[in-house]
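Read the structure below first, then the notes.
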Amino acid sequence: MSVQRYWAPAAWVGGGWQPSVVLEVDAAGHWSRIEAGAPAPQDAERLAGPVLPGLVDAHSHAFQRAFAGLAERRDGDDDDFWSWRDRMYKVANAVTPDSLRAIAAHLYVELLRGGYTQVCEFHYLQHRADGTPYDDPLALSMALADAAADAGIGLTLLPVLYERAGFGAPALRPDQRRFHAGAADVWQRSREFERRVAAAGRASLVPLNAGLAIHSVRAAAEPAIVELRRLAHAFDGPIHVHVAEQRAELRDCLAATGKTPVAWLASQGWLDARWQLVHATHVDAAEIAATAASGAGVVICPSTEGNLGDGFTDVPAWLAADVDLAVGSDSNVTRSWREELRWMEYGQRLKLERRNVCAQPRGSGRPQPDTAASLFERARAGGGRAAGHANWGLAAGARADLLVADPDDASLLGLPQARWLDALVFSSPGRPWRDVMVAGRWALRQHHHVQVARIASSFARAMGELWGD
Ligand SMILES: [Zn+2]
């Protein structure tokens, strides 16, 4: 791939809209030049509308896409996260490498349409449903890599440390057997995944990398986390962990350790800039301050948290503490970051009975009076870090990912440029992005994905096998 040159009438550079932007991609699929206020070079392709960086979907369980929309009825007196989880496990235990590949490829096309160009897979499906290992321990991991290559999205695989059913439980439940992975397994799978994709030259098709994950403080005992940290002492990639999503988990953690999950992790002195705290829903001011001091990031999944009835995290407190807030599609009931950002703000409006809660007025730590821009910039920077990319966005050296908004989108017609992002987040019924580029290659052009018919029919077949009569 030689150098490619593009020109956009406007692009999101340095935290705001800039006019007349030249974008140059080098042979490795990174931006070599981003220059605003420059005339269009003769050999540049003119992009059709305003350009934004793609965002990272910082938390996904791809297989749960097969369950989206199928847990929305209540047959008993009560329904909560834990009853949802029991039903979700039935899907988790029915998925095969082939069906996971089909489900994930379709999901990843949807995520591209929703404006994500990289997805972090919090991957805990390791073995056959009865717990016996596949001949290839990476069978299900490689199914995700194949799906990412098929769709054309970047993937960060996060093999998950998962050893017990809860605090004080000696092991996993029978319906959790296929999730089992100890510290050495997680470390080896992460390193082997990167070795394998590099050796096969696969990373030249789509960007693939791996980090590490710990399911939660309840599902991994202290010695296992200590061991994973020892193995990863020189590792500078991301380490993700579910924390404080449900109040029952807080109560159990308090009973077992005397502390709530974030306070416990912080008190061990483990948190640093590699760590990503996923959900962090039920936290107090001291836990927010400890997280901010550690440099760790937070991943919020507003549509899933709403769907599961998790509760509201204190977004204004996180913003005031200057912590990056990446977004994740998690259970994949929603596959668009615009909807996640909208719900991040609307949750707070509903809770606090105020407006523009996530804006950062002038005089604050990172002033940004526009709500959408405030959330977008946190999600851009935080998402990049969650995927192991410190430099993420339309900037020299960052990966050449971009989104072209459709200038014919009704939400943009006639609006001043300064309001475009507000309109895309708050006044858009969800018209997808017109064009999407990942690492210098077009994944979507004029709303079209070249493999969509084949990917959709494989997905429909896999769904039929799971749910058909
Ligand atoms: Zn999750």
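Throughout, read-outs are computed from the coordinates displayed, never taken from laboratory work. Not measured: the values here are computed from a predicted model. Glycine gets a Cβ as well: all are built from the backbone with ideal geometry, and neighbour counts include every protein chain shown.
With +1 on each Lys and Arg Cβ and -1 on each Asp and Glu Cβ, and nothing else charged, work out how big the dipole of the chain is about its Cα centre, in Debye to the nearest 20.
That gives the chain a dipole magnitude of about 460 debye.
Counting only C-alpha contacts under 8 Å and six or more residues apart, can you give the relative contact order of the chain as a whole percent?
For the chain, the relative contact order is 19 percent.
Return the distance in nm (one decimal) between the two label points of a simple spin-label model at Ala198 and Glu35, each offset 7 Å from Cα along Cα→Cβ.
Using points 7 Å along Cα→Cβ, the separation is 3.5 nm.
How many angstrom lie between the Cα centre of the range 447-466 and the Cα centre of the range 181-227?
28
If each DSSP helix of 4+ residues adds -39,500 (n - 2.57) and the sum is divided by the residues in the chain, what number results at 222 nm, nearest 500 deg cm²/dmol?
-11000 deg cm²/dmol, from helical runs alone.
Amide H to amide H, which residues 5 or more places from Leu444 or on other chains are under 5 Å from it, using H placed in the peptide plane?
Amide H to amide H, under 5 Å and 5 or more residues apart or across chains, Leu444 pairs with Val436.
Determine the shape class of the range 75-193: with a ≥ b ≥ c the square roots of the Cα gyration tensor eigenvalues, call it rounded for a/c under 1.5, and otherwise prolate if a/b is greater than b/c, oblate otherwise.
Note, shape of the range 75-193 comes out oblate.
Compute the signed sum of charges (Lys and Arg +1, Asp and Glu -1) over the other residues within less than 12 Å, Cβ to Cβ, of Leu319.
-3
What's the angle, to the nearest 10 degrees (0 to 90), between helix 97-113's Cα axis and the longest principal axis of the chain?
40
Once the dipole of the range 112-193 is set up with Lys and Arg at +1 and Asp and Glu at -1 on Cβ about the Cα centre, which of Thr156, Ala183, Ser141 lies farthest towards its positive end?
Result: Ala183.
Quote the charge dipole size of the range 1-131 about the Cα centre in Debye, to the nearest 20; the model charges only the Cβ of Lys and Arg (+1) and of Asp and Glu (-1).
Here the size comes out at about 260 debye.
Using the Karplus curve 6.51 cos²θ - 1.76 cosθ + 1.60 with θ = phi - 60°, what ³J(HN,Hα) values do you get for each residue of the range 152-161, in whole Hz, with x for Gly and Pro?
Using θ = phi - 60°, the values come out as x, 10, x, 9, 10, 7, 10, x, 10, 6 Hz.
Please determine, in degrees from 0 to 90 and to the nearest 10, the orientation of helix 452-467 with respect to the longest principal axis defined by the Cα atoms of the chain, where the helix direction is its Cα long axis.
Around 20 degrees separate the two axes.
Give me the distance between the Cα centres of the range 96-131 and the range 336-399, rounded to whole Å.
Between the Cα centres of the range 96-131 and the range 336-399 lies a distance of 25 Å.
Can you give the net charge of the other residues whose Cβ lies under 14 Å from the Cβ of Gly115, counting K and R as +1 and D and E as -1?
-1
Output wanted: per-residue J couplings in Hz (rounded whole) for the range 310-320, from phi through Karplus 6.51 cos²θ - 1.76 cosθ + 1.60, θ = phi - 60°, x for Gly and Pro.
Calculated HN-Hα couplings, in order: 6, x, 10, 7, 8, 4, x, 5, 4, 5, 5 Hz.
In whole Hz and in residue order, list the ³J(HN,Hα) couplings for the range 411-417 that follow from phi through the Karplus curve 6.51 cos²θ - 1.76 cosθ + 1.60, θ = phi - 60°; x for Gly and Pro.
Running phi through 6.51 cos²θ - 1.76 cosθ + 1.60 with θ = phi - 60° gives 5, 9, 4, x, 7, x, 3 Hz.
May I ask for the longest run of the chain untouched by GluC sites (Glu not before Pro) that are loop-located per DSSP and have at most 13 neighbouring C-beta atoms (other than their own) within 10 Å?
73-352
What length, rounded to one decimal in nm, is gained on full extension from Arg74 through to Glu465, with 0.36 nm per residue of separation minus their alpha-carbon distance?
138.4 nm
Can you list residues from other chains, or at least 5 along the same chain, whose modelled amide H is less than 5 Å from the amide H of Leu161?
It is Ala213, Ile214, His215, by chain and number.
Going by how many other beta carbons lie within 10 Å of each one, how would you line up Val452, Val333, fewest first?
Val452, Val333
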